[in-house]
Amino acid sequence: QVQLVESGGGLVQPGGSLRLFCAASGSIFSIYNMGWYRRAPGKQRELVALITSGGSTNYAVSVKGRFTISRDNAKNTVSLQMNSLKPEDTAVYYCNAARTVYTYWGQGTQVTVSS
């Protein structure tokens, strides 16, 4: 079992930055692939960024070059640095931990990009 708690969401103007955090507990954090997903109003949940247990990263085309995912295995945390935010980045952002058939989700944190 893995428990995930997100933080860092909020309201930001277009062009601004936010950093999301996800704190994990309950299992060996370092063996999990960690991801950030988002669900915008009226849309399906989509993968934003992924970082594997080995440290490899992958990004959605829409955020590549603007967002950076990182993990700190010593602190059991994963973060998402979001720069040059756009209104279309507005969504609830979810932290995910996955390994083989096991997947765990946080409760989500709202990010709103608006002037």
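Readers should treat all values here as calculations from the given coordinates under stated rules, not as data from a laboratory. It should be emphasised that the depicted structure is a prediction, and the values quoted were computed from it without experimental measurement. When we count neighbours, we look across all protein chains shown, and the Cβ atoms used for this are built from the backbone with ideal geometry, even at glycine.
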Taking 8 Å as the Cα distance limit and 6 or more residues as the minimum spacing, I'd like the relative contact order of the chain as a percentage. 37
Along Cα→Cβ, 7 Å out, is where each label goes; now give me the distance between the ones at residue 45 and residue 62 in nm to one decimal. 1.6
With point charges of +1 on the Cβ of Lys and Arg and -1 on the Cβ of Asp and Glu, referenced to the Cα centre of the chain, which listed residue (60, 95, 70) lies farthest in the positive direction of the dipole? 60
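Suppose we keep just the DSSP beta bridges with both residues in the chain; what percent of those would be antiparallel, to 5?
Of those bridges, close to 95 percent are antiparallel.
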